Amino acid sequence: MNEVKSHEELDRLKQERDQFMALAFLSENSAKSMIAQQILSKISEDNRTPIWQVDVGKTRDIHEHYNVNQVPTVVTIKNGKMVKKLVGLQSEQTYRNLFHNAPRKRADGTDAPPLRVTVYTTKTCPHCTTVKNHLKRKGIPYREVDVSRDAHAASELQRRTGQTGVPQTDINGTFVLGADISKINKLLQL
């Protein structure tokens, strides 16, 4: 993660990244901040999503603009305006969900579309567990829909795909039937 050292630098970054950016307000004197920094650094590397950090002990002219009075705090900014704010240390999955619709970069540096991943499951499906565990290991946020508990979702899924089996994984509108990890990876551009 890159460090922002002044409000002027942040203004310049917001203009350069006019669509989306994330700021992590941390303090090197806070154990929870250091844990959050490790988690966020991993997410930034995994998703190739840049996250900037502000050390509130060194840079004192930014946090007040976002009403930050506790560390760690993470804010997302879209089109120059704050969109979301997480206060306090969060789980890795909670942080990953924050960046669910963030612009991502492919390995070659080109823009990749934001991920919208939904896994249609049932409680007793071992292949569903395989897919969910794979997405978790890769740090991919997803929404789970248990079709055994949601009849409307089950009928809508069958209407859209012509299939009733699970798991079915919807990745940006393209469905993968079963635990086809290689096809899932290809669609996720992993």
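Just so you know, all these numbers are worked out from the coordinates, no wet-lab data involved. Please read these numbers as outputs of a predicted model, since none were measured by experiment. Ideal geometry is used to build each Cβ from the backbone, glycine not excepted, and the neighbour counts take in all protein chains shown.
What the table below lists for this structure:
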item: Globularity ratio of the range 151-190, using Cα Rg and 2.2 N^0.38 Å; result: 1.19
item: Orientation-averaged projected area, Cα convex hull of the chain (nm²); result: 11.8 nm²
item: Over the range 2-101 - Rg/Rh using Cα atoms and the Kirkwood inverse-distance radius; result: 0.92
item: Among 108, 11, 146: highest mean-square fluctuation, GNM of the chain, C-alpha pairs under 10 Å; result: 108
item: Potential extension, residue 177-residue 143 segment - 0.36 nm per residue separation minus Cα distance; result: 10.6 nm
item: Magnitude of the charge dipole, the range 140-190, Cβ model with Lys/Arg +1 and Asp/Glu -1, debye to 20; result: 140 debye
item: Å³ per residue enclosed by the Cα convex hull of the range 120-168; result: 70 Å³
item: Using alpha-carbon coordinates, inclination of helix 151-161 to the longest axis of the chain, degrees; result: 80 degrees
item: Cβ-based net charge around residue 153, under 13 Å, with every Lys or Arg adding one and every Asp or Glu removing one; result: -1
item: Net charge dipole size for the chain [Lys, Arg +1 and Asp, Glu -1 on Cβ; Debye, nearest 20]; result: 500 debye
item: Residue-by-residue Karplus 3J(HN,Hα) for the range 119-130, coefficients 6.51, -1.76, 1.60, Hz, glycine and proline x; result: 10, 8, 9, 9, 5, 9, 8, x, 5, 4, 4, 4
item: Potential extension, residue 129-residue 41 segment - 0.36 nm per residue separation minus Cα distance; result: 29.0 nm
item: Size descriptor, Kirkwood hydrodynamic radius, that averages inverse alpha-carbon separations across the range 1-46, Å; result: 11.8 Å
item: Under 5 Å, built H, 5+ apart or other chain: amide partners of residue 144; result: 119
item: Positive-end extreme of charge dipole, the chain - chosen from 142, 97, 152 (charges on Cβ); result: 152
item: Percent RCO, i.e. relative contact order, over the chain, from Cα pairs under 8 Å lying at least 6 residues apart; result: 18 percent
